[in-house]
Amino acid sequence: MSDQPLLQIRHLVKKYPGTVAVNIQPGHGVSFAAGSIHALVGENGAGKSTLIGTLGGVVSPDERGISLDGVAFSPKSAPEARDLGIETVRQDSGLVPTLTVAENLFLGRESAFKKAGFLFPAKRRALAAQALDALELHDVRPNQLAGSLDLERQKFVELARALFFNPRVLIVDEMTASLSRRGVQRLFKVLREQAARGVLIIYISHYLEEVFELCDRITVLKDGTVVTTVPSGDVDEDQLSTLMVGRSTRESMFHEELRPEESSDVVLRVDGAGISGAFEDVSFDLRSGEILGVAGLVGCGSEELGLAVFGARQLDAGSMQLDGVPYAPKNPRQAIARGVAHVPSDRDTHGVVLRMPIAENVVLAALRWLSRLGFRAPGQDRHRSRDLIRELGISCRGPRDLPLNLSGGNRQRVVIAKWMVRDNRVLVLHNPTRGVDVGAKAELYRVIRSLSQAGQAILLISDDLQELLGLSDRLIALRRGRISTEFPKDSSPTEELVVSHMI
Amino acid sequence: MTQNRSMVADEGEALAVLPQSGLARLVGTVSGGRWQQNVLPFAALILLVITFSIAAPDRFPTVKNLNFILIQSAVVAIVALGVTFVVISGSIDLSVGSVVALSGICAALVAVEHGAVAGVIVGLGTGALAGLFNGICFAYLKVPSFIVTLGTLSIARGLTILVSKSQPVLVPEGIAQLGVTPGIYIVAAIALVAGAILLRYTSFGRYTTAIGGQETVASHSGVPVRRVKILLFLLSGVAAGLGGLVLAGRVGAATPTAAMGMELTAIAAVVLGGTPLTGGIGGVINTVVGALIITILLNGLVILGVSSELQMVCQGLVLITAVLISLDRRKIGIIK
């Protein structure tokens, strides 16, 4: 091997409306050497997915300067990237559950056993057996339906599929999330063997201890840029957390506000709550006028917790009380009737009806109380929403405009407006400023603060640490579905400290 | 300089929708739809009238033919009214043709024995029961509406033939009045105005639109989704029942083979009026325009001497073309 790196990213820019996902400029790139196991770490939204998506051919960047083995690399599709020797094992399942293992292994690559347009299943089975043997997957049969395998075996079948065609680069994205301890060790063994054969492994995981155990080099991404690339022996976990979240300047978007009285009433009490597979034994009190932050990695169970409070998921264990009365909503309708509101993370599929006028979106949840004998004149709604449009500064052509025509930040304000028609007892916010630009964020924070001051109890679930620390009166951290710690009022934890309780 | 939060793929789509011509933007803003939904149907209707007036100047634009067209489209519009609601909610009702026939037969059989009023009640009730069956299978048992109503199409037609013993049943004067001038115009006007009010001025109408626009948003806004879905199919059944009464009145008898294929005509009327099958938008007036278009098209073809076989071919082609133009492809990733 020469000292020329196998894969070099000198320049990469990918913009989405309202946000720059990756912005790697020449001179601040990253090189990957053949035979190394190279970790990519960074917060949610740091640009990891976009970067590996580009390598895998599923994301087409706006600007790129990438070379593979000294040759310019710009695949137009996933198959083309695979043909160039880049294989990816993704976080979510990549198998078609209704096809057999053998069919899955060669999906899109049937040419290995195709002659004159005809497939030879026997040949496919033989090749599949070979692929499975290479990973010692003796308990998986080629003719078995992929859907009949447990998640761990499915992930290993995907790994077998990636390795069978002798890739030069293998990208492993959060694969351990679905693996047992033994599975993780087995994966590490395979990856080390592959690296020894000269394959470049790009490894992505939220769990830093895995990164230290497995990887030779670590590249830290933040806000779409490369912060640094270091040999893994040169840093420890604390330093890495700092590199991941550290910010040179604090935005002045948060104001010290009046904190709620210690004595204010408990509005929502959650006691030993659990949903199997999501979270367990979660207990907390949420007071009137308080903002309780919930920190945690994607998949830590915080999303399900928010949905359970809103009645969109049902608890398997534990109980809740609202204003001292037992509270077990079977659906959002019942939760809303008790004064619980929810601003979802994905506003376009859960928050607003994109093709329904703003006015109708705004009153949708309150129509039950606004209509008389089921009748409601659209004119009244336009009147009502005009006030909210002004109050929240939603920039649109008027109450008849469609949310479809609005920017992310304005759509989000429509979702919040929806929950301002009536007063809520509890407001659950999930990533309330996701995909919203900086100016609009500050404006949304002001609105959230004012709702809290009006006495609403707010449960703030967010991937954005700065937001959590800036808005929350108290903070709980979830790690793999359990509360790992609680930061009481006025404890002012640092981002690094919170992160250390999340991972 | 805060974090670049995950990107919403849909926003690219939002930007792509913005450029529109001035007129289209005006119309689109006013009614909450796109120009395909609002301008095209009217243009098509006018174009059809002009074309047939030129092609058959002595037979198409006559008072007699106009009256015929209006009565015929009133029947289509009444049946299509219920289908409009179902389609706006994002589902489909294929059973209406058979339900029209079944309701007509049941109404006629009862009316002969117990009078017109009883007949009307039974006719509407039959439609309601069929719709309720569709609604429960769809909303509670989660059978896709396409399949449920396809099944009901067959069930209702079979029952119609059983109940009638394959014989037409003459209807008494009271019901016959519903199918001729001025009765049919009064019935259609009341039904359509009530439908328009129901869609625009009631919670039920809003919920229908919201479910069709994005069902998860509706459910997370406290909309009683299942109840609304059942009511939607109930409504469609009642409209078909009313259609059965009117049709029997117009013909003077309920026949077991009445309204064969009327589900296609009704869906064509809905779609031609500019209510896309993807749901979430549309209106009653659109369907009235659509009913006029499809009726005039078939009427014009008859006048021009086109054979009934070719008319069927034509109707099918028009339906596919209408969907082709009106379907909002950005809303559905994969079309099956």
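Numbers at a glance
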{"quantity": "Residue count, segment A:371-392 (criterion: of a type outside the set (K, R) and within 7 Å of chain B (Cβ to nearest Cβ))", "calculated": "5"}
{"quantity": "Boolean, A:F212 is farther than 25 Å from A:G296 by Cα and at pLDDT below 95", "calculated": "no"}
{"quantity": "Qualifying residue in segment B:239-247 (condition: of a type in the set (A, V, I, L, M), open to solvent by 10 Å² or more (accessible area, probe 1.4 Å) and out of contact with any Phe, Trp or Tyr (no Cβ under 9 Å at 6 or more places or on another chain))", "calculated": "yes"}
{"quantity": "Options A:G94, A:G47, A:G42, A:G35: the member that is under 24 Å from A:L159 (Cβ atoms), out of contact with any Pro (no Cβ under 9 Å at 6 or more places or on another chain) and within 14 Å of another protein chain (Cβ to nearest Cβ)", "calculated": "A:G42"}
{"quantity": "Selection from segment B:78-117 of residues that are in a loop (DSSP other than H, G, I, E, B) and either under 20 Å from B:V163 (Cα atoms) or not aliphatic (A, V, I, L, M) (or both)", "calculated": "B:S89, B:G90, B:S91, B:D93, B:S95, B:G115"}
{"quantity": "Residue list for segment A:100-129, filter: within 13 Å of A:V157 (Cα to Cα) and open to solvent by 50 Å² or more (accessible area, probe 1.4 Å)", "calculated": "A:E103, A:L107"}
{"quantity": "A:R368 at pLDDT 90 or above and more than 28 Å from the chain's Cα centre (by Cα)", "calculated": "yes"}
{"quantity": "Residues within segment A:130-144 that are in a helix (DSSP H, G or I) and open to solvent by 30 Å² or more (accessible area, probe 1.4 Å), tallied", "calculated": "3"}
{"quantity": "B:G241 away from chain A (no Cβ under 14 Å), in contact with a Leu (Cβ under 7 Å, 6 or more places away or on another chain) and on the phi > 0 side of the Ramachandran plot", "calculated": "no"}
{"quantity": "All positions within segment A:336-354 that are among the small types (G, A, S), closer than 15 Å to A:R422 by Cβ and at the interface with chain B (Cβ under 8 Å from one of its Cβ atoms)", "calculated": "A:A337"}
{"quantity": "Odd one out for A:R413, checked against (1) within 25 Å of the chain's Cα centre (by Cα); (2) in contact (Cβ under 8 Å) with a residue 40 or more places away in the chain; (3) more than 9 Å from chain B (Cβ to nearest Cβ)", "calculated": "(2)"}
{"quantity": "Filter result (more than 18 Å from the chain's Cα centre (by Cα), touching a residue at least 60 places away in the same chain (Cβ under 8 Å) and farther than 20 Å from A:S232 by Cβ) within segment A:32-78", "calculated": "A:L55, A:G56, A:S67, A:L68, A:D69, A:G70, A:F73"}
{"quantity": "Tally, over segment B:248-280, of residues that are open to solvent by less than 10 Å² (accessible area, probe 1.4 Å) and within 14 Å of chain A (Cβ to nearest Cβ)", "calculated": "5"}
{"quantity": "Number of positions in segment B:267-281 that are hydrophobic (A, V, I, L, M, F, W, C), under 15 Å from B:L40 (Cβ atoms) and in a loop (DSSP other than H, G, I, E, B)", "calculated": "1"}
{"quantity": "Residues being at pLDDT 90 or above and open to solvent by less than 70 Å² (accessible area, probe 1.4 Å) - total across segment A:150-172", "calculated": "16"}
{"quantity": "Filter pass, B:S98 being more than 22 Å from B:G280 (Cα to Cα), under 20 Å from the mean Cα position of the chain (by Cα), surrounded by fewer than 17 Cβ atoms within 10 Å (Cβ to Cβ) and polar (S, T, N, Q)", "calculated": "no"}
{"quantity": "Yes/no for A:S395 being within 12 Å of chain B (Cβ to nearest Cβ), of a type in the set (S, T, Y) and open to solvent by 20 Å² or more (accessible area, probe 1.4 Å)", "calculated": "no"}
{"quantity": "Flag for A:M253 being in a helix (DSSP H, G or I), at pLDDT below 95 and within 14 Å of another protein chain (Cβ to nearest Cβ)", "calculated": "no"}
{"quantity": "Segment A:40-77, residues that are of a type in the set (A, V, I, L, M, F, W, C) and open to solvent by 30 Å² or more (accessible area, probe 1.4 Å)", "calculated": "A:V58, A:V71, A:A72"}
{"quantity": "Test for A:A442: is it under 30 Å from the mean Cα position of the chain (by Cα) and within 11 Å of another protein chain (Cβ to nearest Cβ)", "calculated": "yes"}
{"quantity": "Residues that are more than 7 Å from chain A (Cβ to nearest Cβ), buried (at least 24 other Cβ atoms within 10 Å of the Cβ) and touching a residue at least 40 places away in the same chain (Cβ under 8 Å), drawn from segment B:206-224", "calculated": "B:T208, B:I211, B:G212"}
{"quantity": "Looking only at segment B:175-202, and only at residues there that are surrounded by 21 or more Cβ atoms within 10 Å (Cβ to Cβ) and more than 18 Å from the chain's Cα centre (by Cα), the one that is nearest to the other protein chains (Cβ to nearest Cβ)", "calculated": "B:L178"}
{"quantity": "Residues of segment A:207-231 satisfying the condition of being out of contact with any Ser or Thr (no Cβ under 8 Å at 6 or more places or on another chain) and surrounded by 21 or more Cβ atoms within 10 Å (Cβ to Cβ)", "calculated": "A:L214, A:L221, A:K222"}
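The values are calculated or read from the model by the stated rules, or taken from the named source; none is laboratory data. Values in this document were obtained by computation on a predicted structure and should not be read as measured data. With ideal geometry, Cβ positions are generated from the backbone for all residues, glycine too; neighbour counts draw on all protein chains shown. Ligands, DNA and RNA are excluded from the accessible area calculation, which covers all protein heavy atoms including side chains. Shrake-Rupley method; radii C 1.70, N 1.55, O 1.52, S 1.80 Å.
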